[in-house]
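Worksheet for the structure shown next.
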Amino acid sequence: MLEMQQEMRKVAKELLESGEATVVIGWEKGALPYQTSPVLIRSAEETEKLVWDEYCQQNLSNYLIDFVYSDEKVAIFAKGCDTRAFNRLVQDKRIKAEQFTVIGVPCPGMKDRKQAAKGVADVPLAKACQECRYPNPVYANRTLGQPVTPRATAPDYSDVEAIEAMSADEKAKFWQEQYSKCIRCYACRNVCPACNCTNCIFDQSKSGWQSKDINASENQFYGITRAFHVAGRCIECGQCDMVCPSDVPIMLMNKKAKKDLDQLFGQYDAGLETESLIPLGRYDVNDPEEFM
Amino acid sequence: MSNNPVEKTENFEPKILVFACNWCTYAGADLAGVSRLQYPPNVRVLRVPCSCRVNPQFVVRAFQRGIDGVLVAGCHPGDCHYTTGNYYTRRRFLLMTRMLEYVGIDSGRFQTRWISGSEGPKFQEVVTEMTEIIRQLGPNQKLRDDVTIEMQDFEEEAVNE
């Protein structure tokens, strides 16, 4: 990883010195060993700040939305999931691909910083990274290093199936317990590359059919709505789980949606390309008929 | 306990919300009416321009506010007044039905049906059947914003532990 870090600094320096980029988006070290946060580098001297370690889980592509109307030339370092997020944003017409320089970085998997914060000795990979099928950039202007082998070949839905096996009452209890912890900080929405609406319905105070009350019922409304809104867009980067201060298993909802969409309308992995429409944005006259 | 809104009493009458598409199901319900077909008075019909107007969040909202069952009904696929609306409805609610079951809504409380303007008897049949299912299930307790029965259960469990 150290070699990659050196190379990243070198590339960032070249880009800034040659004027090919005025801003480089990467990761820098935070106060604690398991904290690595996004950073914007604007000068060649600052490139020493750039790091590449086991905690670079943050998805950087969302920051590009802030540069859509700017004249700055932006270069961004991107792991497999960041490039899928990039494609998602292009697909949603939030950014234009040709405006940005994407430097792909094959990702060996990032460690679970919540576990690290708890002081676990041998920190495991984050859950999303353990299940990652696309660690290599799917879109990049240039790629550094050698491609890595994916850690999983097929999606793992064992956790979703465990919930599905419960009775209706158990499910209701489980989710109510989980969502009563939610503090509605919207961190999951804000980091999510699939949640990129300019006007989120949860920012509207007078829509009449959603409320900002913090109780299990309203929080579940938020959870179900968010899972439904990102259904077919979710790139399974696991950012929502990572940032949730209350440890709500948000990915468990998103994975359920993905599992069902795949079963009903055929396998679809979001963000692999930019041409196709998401499953809920199109239809097929031969869709399964259950309603009659 | 008599003021508990979700206690299943002998004379429990389910509240069912029907989202009826203006062009087919609303006409079907009207036909059921003019044909003097008897159906349970538990249904509240809400007319929408097309079944795809029904945002899946409306369904969750209805459950939150004390509805015991939701029926979304529209034209048969291929017959949509707006050509393709109900194809989208079908995709959305295939997923939403599963999502709602995943969070614990009993299956049968949320249904989608295709009822055309000439299917008055089908409207009668569907709402009668649904009322019976929900009468069996009892009042909905899941997702409700005025009910904390589940939370009381948690507390009891915590005390027992």
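Per-structure values
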read-out: Hydrodynamic radius by Kirkwood, which averages 1/r over all alpha carbon pairs of segment A:158-281, in angstrom; value: 15.3 Å
read-out: Computed E for B:Thr83/A:Lys93 - FRET, C-beta separation, R0 30 angstrom, nearest 0.05; value: 0.80
read-out: Relative contact order for chain A, counting Cα pairs under 8 Å that sit 6 or more residues apart, in percent; value: 16 percent
read-out: Computed over segment A:2-143: relative contact order in percent, which uses C-alpha pairs under 8 Å that are six or more apart; value: 22 percent
read-out: Separation of alpha-carbon centers, segment A:259-292 and segment B:99-150, rounded to whole Å; value: 26 Å
read-out: Directionally averaged projected area (convex hull, Cα atoms, chain A), nm²; value: 17.5 nm²
read-out: Viscosity 0.890 mPa s, temperature 25 °C, Stokes-Einstein D of segment B:1-114 from Kirkwood C-alpha radius, µm²/s; value: 163 µm²/s
read-out: Residue mean of other protein chain beta carbons inside 10 Å, A:218-230; value: 4
read-out: FRET efficiency, 1/(1 + (r/R0)^6) with R0 25 Å, evaluated for A:Glu177 and A:Lys206 via beta carbons; value: 0.25
read-out: Contour minus Cα-Cα distance for A:Asp156 and A:Glu17 (0.36 nm per residue); value: 45.6 nm
read-out: Summed residue charge, Cβ within 10 Å of B:Gly117's Cβ, Lys/Arg positive, Asp/Glu negative; value: -3
read-out: Proximal lysines to A:Lys73, defined as alpha-carbon separation beneath 18 angstrom and excluding residues fewer than eight positions away on the same chain; value: A:Lys10, A:Lys13, A:Lys96
read-out: Cross-link partners of A:Lys49 among aspartates and glutamates (Cα-Cα below 19 Å; sequence separation of 8 or more within a chain); value: A:Glu3, A:Glu7, A:Glu14, A:Glu17, A:Glu28
read-out: On Cα atoms only, tilt of B:120-137 relative to the major axis of chain B in degrees; value: 10 degrees
read-out: Cα centre as origin, Lys/Arg/Asp/Glu Cβ charges: chain A dipole, Debye; value: 520 debye
read-out: The protein assembly as shown - share of DSSP beta bridges that are antiparallel (%, nearest 5); value: 25 percent
read-out: Estimated distance in nm for a label pair at A:Asp71 and B:Arg135, the labels positioned 7 Å out from Cα along Cα-to-Cβ; value: 7.4 nm
read-out: Segment A:158-281: relative contact order in percent, alpha carbon pairs under 8 Å with at least 6 residues between; value: 28 percent
read-out: Descending semi-axes in whole angstrom, ellipsoid equivalent of segment A:35-151, from the Cα gyration tensor; value: 25, 17, 13
read-out: Distance histogram in 5 Å bins (all Cα pairs of segment B:5-64, percent per bin); value: 4, 15, 20, 22, 17, 12, 9, 1
read-out: Degrees between helix B:85-102 axis and first principal axis of chain B (Cα, 0 to 90, nearest 10); value: 20 degrees
read-out: Efficiency of FRET from Cβ geometry, A:Gln35 and B:Arg44, R₀ 35 Å, rounded to 0.05; value: 0.10
read-out: Neighbour-count order for A:Met1, A:Met253, fewest beta carbons within 10 angstrom listed first; value: A:Met1, A:Met253
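Since every read-out is calculated from the coordinates, none of them should be taken as a lab result. Just so it is clear, the model here is predicted, and its values are computed rather than measured. All Cβ positions, even for glycine, are placed from backbone atoms using ideal geometry, and neighbour counts span all protein chains on display.
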